[in-house]
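Asks: Quick one: this structure, given as structure tokens, is what I'll be asking you about.
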Amino acid sequence: MGTNILLLFGDWSLTNSAITITETVAASSIVFTHFIAAGAAFFMLGFLYLAFRSNNTSVYLIDYTCYRPPDYLRASVPHFTEHIERTEGFSRENRDLQQKVLQRSGIGDEACMPIAVHELPPNTSFNPSQQEVEQVVFQVVKDLLSKHRINPKEIDILISNCSIFCPTPSITSMIINRFGLRSNVKSISLSGMGCSAGLISISMIKELFKVHKNSMALVLTMEAVTPNGYVGRAKSMLVANTIFRMGGAAILLSNKKQDKWRANYELQHLVRTHMGADEQSYCSVVQKPDEGDVVGVSLSKSLLHVAARALKINVSELGPLVLPYSEQLRYIWLVTCQKLCEKGRAKGEATVVVPRFKSAFEHFCIHAGGRAIIDGVEKNLKLEKEDGEASRMTLYRFGNTSSSSVWYELSYLEAKGRVKKGDRIWQISFGSGFKCNSAVWKSLAKVDPERKNAWSDRIHMYPVQMPDFS
């Protein structure tokens, strides 16, 4: 009996051991299966990440050059005022208006005008307009290519933008002819796109780089002041006479991996907003003839309101791309709290909640369209006065150079030695249409403040104290 019980328990022990071994093998098989599945998932995620990266080709900013006009082209405030007084066709009221706008514009005595505008009466014909364009673009292209010892035939893509002056052959054709670019270079000339056209050109390069691998691109951004002179009587068209000045920039870009080591910046984001479907926005900046059939650029009184709306829409798209998650959560929390508390407040008491954009950017380059534009952007984004220093100083020294102003501002920051490796720069531009564009750049290296640029000759004199017209 005892033997049978022993045998019985012995059989049970063997059976139990077999079950345990079977369960262990099954568990090991499940673990192995999970391991294989996790590995496959990790591999797929890696593949998708690489595919995503390949579709988002890097845009490296190798370098850029801003045009510095010769001193003899300066249009100081007293000189400009005398010029207005001596120009025929202006009524006393219109002369006073232009002088008032000029004195409050934030533009200093060093901003320059092309030679034809210094003449009496100003010569706004085709030849001096073309001479101004050639003077600017030929110089910046020559300086940029020679600085990096680049053969013009290495350029694969060429884009120019100039809103008012649109000659035939085009400005890009002028460059191809002058510097001997290849016959298969992809060239595009943009016109009529206003002060935001410079970042639109960068946007086009970004898209073209997706299909043209291992390419180098050259962008030319400027505005011709010569054909912009207005001698009519419409007050809305006289403002443009006082704020635009001579300038331009050439930007060298590449998507070649081997160019990353010599590039100064890499494009992180580019967001474009077009408000053309709204009639008020569309009509805020318009080139048209006045009642006397004199052509000029009309700036409406609603321009600042339109710019604020365009900026709000642009920022709502850019914010999630650049703001840290902690700041996004903070913003959502504050907006939610504000909504819950609104019922207990009187109308008009609610404050506007704005994300802290200084948590996403170290530097701001706001289009130097005028003192009111810079002040308005600072107010809407809750920035400090020092955040707009580069924009104000650019406006003071160079005036409103249209689409190239954001490059003069970046040049100012570099000359001051403020751009460090890893810094993020936000360029904001506005233009007719109405458009608001944002470009975000990341610095790949500390920029040497001693290297020559448009500010090198007198950066030690800036910043200057600006008059307060508030």
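Asks: Pull up the stretch 271-282, narrow it to residues that are part of a loop (DSSP other than H, G, I, E, B) and within 17 Å of A197 (Cβ to Cβ), then point me to the one that is farthest from the chain's Cα centre (by Cα).
Replies: The residue in question is G276.
Asks: With the checklist (1) open to solvent by less than 30 Å² (accessible area, probe 1.4 Å); (2) β-branched (V, I, T); (3) in contact with a strand residue (DSSP E or B) (Cβ under 9 Å, 6 or more places away or on another chain); (4) farther than 22 Å from A439 by Cβ in hand, flag the one item V295 doesn't pass.
Replies: Just one mismatch for V295, condition (1).
Yes/no matrix, rows are residues, columns are (1) open to solvent by 20 Å² or more (accessible area, probe 1.4 Å); (2) touching a residue at least 12 places away in the same chain (Cβ under 8 Å); (3) under 30 Å from N94 (Cβ atoms):
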{"position": "I157", "(1), (2), (3)": "no, yes, no"}
{"position": "S160", "(1), (2), (3)": "no, yes, no"}
{"position": "S189", "(1), (2), (3)": "yes, yes, no"}
{"position": "L208", "(1), (2), (3)": "yes, yes, no"}
{"position": "V211", "(1), (2), (3)": "yes, no, no"}
{"position": "S215", "(1), (2), (3)": "no, yes, no"}
{"position": "V219", "(1), (2), (3)": "no, yes, no"}
{"position": "M222", "(1), (2), (3)": "no, yes, yes"}
{"position": "V225", "(1), (2), (3)": "no, yes, yes"}
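Asks: Which residue pairs have Cβ atoms closer than 7 Å, lie 6 or more positions apart in sequence or on different chains, and pair a first residue in the stretch 238-266 that is without any contact (Cβ under 8 Å) to a residue 60 or more places away in the chain with a second residue that is open to solvent by less than 10 Å² (accessible area, probe 1.4 Å)?
Replies: A240/Y230; A240/G296
Asks: Sticking with this one: Of the residues E317, E384, which single one is exposed (fewer than 14 other Cβ atoms within 10 Å of the Cβ), free of Cβ contacts under 8 Å to residues at least 40 places away in the same chain and among the charged types (D, E, K, R)?
Replies: Sole residue among the options that is exposed (fewer than 14 other Cβ atoms within 10 Å of the Cβ), free of Cβ contacts under 8 Å to residues at least 40 places away in the same chain and among the charged types (D, E, K, R): E384.
Asks: Residue by residue through the stretch 279-329, note down the ones that are among the charged types (D, E, K, R) and touching a Pro at 6+ places or on another chain (Cβ under 8 Å).
Replies: E327
Asks: Another one. State all residues of the stretch 365-415 that are at pLDDT 95 or above, over 16 Å from G108 (Cα atoms) and part of a loop (DSSP other than H, G, I, E, B); if no residue qualifies, say none.
Replies: Within the stretch 365-415, H367 is the sole residue that qualifies.
Asks: Ok, one more. Can you name the condition, by its number, that V231 falls short on among (1) in a loop (DSSP other than H, G, I, E, B); (2) within 17 Å of G431 (Cα to Cα); (3) open to solvent by 40 Å² or more (accessible area, probe 1.4 Å)?
Replies: (2)
Asks: What are the pairs, 6+ residues apart or on separate chains, where a residue within the stretch 283-311 that is in a helix (DSSP H, G or I) has its Cβ under 8 Å from a residue that is of a type in the set (A, V, I, L, M, F, W, C) and open to solvent by 30 Å² or more (accessible area, probe 1.4 Å)?
Replies: Listed by first residue and then by second, the contacts come to L303/V285; L304/A372.
Asks: If you don't mind, another one. Kindly indicate whether any position in the stretch 389-406 is of a type outside the set (F, W, Y) and over 18 Å from T65 (Cα atoms).
Replies: yes
Asks: Follow-up question, since we're still on this one. Starting from residues that are over 24 Å from the mean Cα position of the chain (by Cα), in contact (Cβ under 8 Å) with a residue 60 or more places away in the chain and open to solvent by less than 60 Å² (accessible area, probe 1.4 Å), keep the ones in the stretch 126-155 and report whichever is farthest from A250 (Cα to Cα).
Replies: By that ranking, first place goes to P128.
Asks: Whether any residue in the stretch 434-442 is more than 30 Å from S254 (Cβ to Cβ) and not hydroxyl-bearing (S, T, Y) is what I want to check.
Replies: yes
The values are calculated or read from the model by the stated rules, or taken from the named source; none is laboratory data. Because the structure is a prediction, the values reported are computed rather than measured. Quick reminder, even Gly has a Cβ in these numbers, built from the backbone with ideal geometry, and neighbours come from all protein chains shown. Protein only, heavy atoms only, side chains kept; ligands, DNA and RNA dropped before computing areas. Shrake-Rupley method; radii C 1.70, N 1.55, O 1.52, S 1.80 Å.
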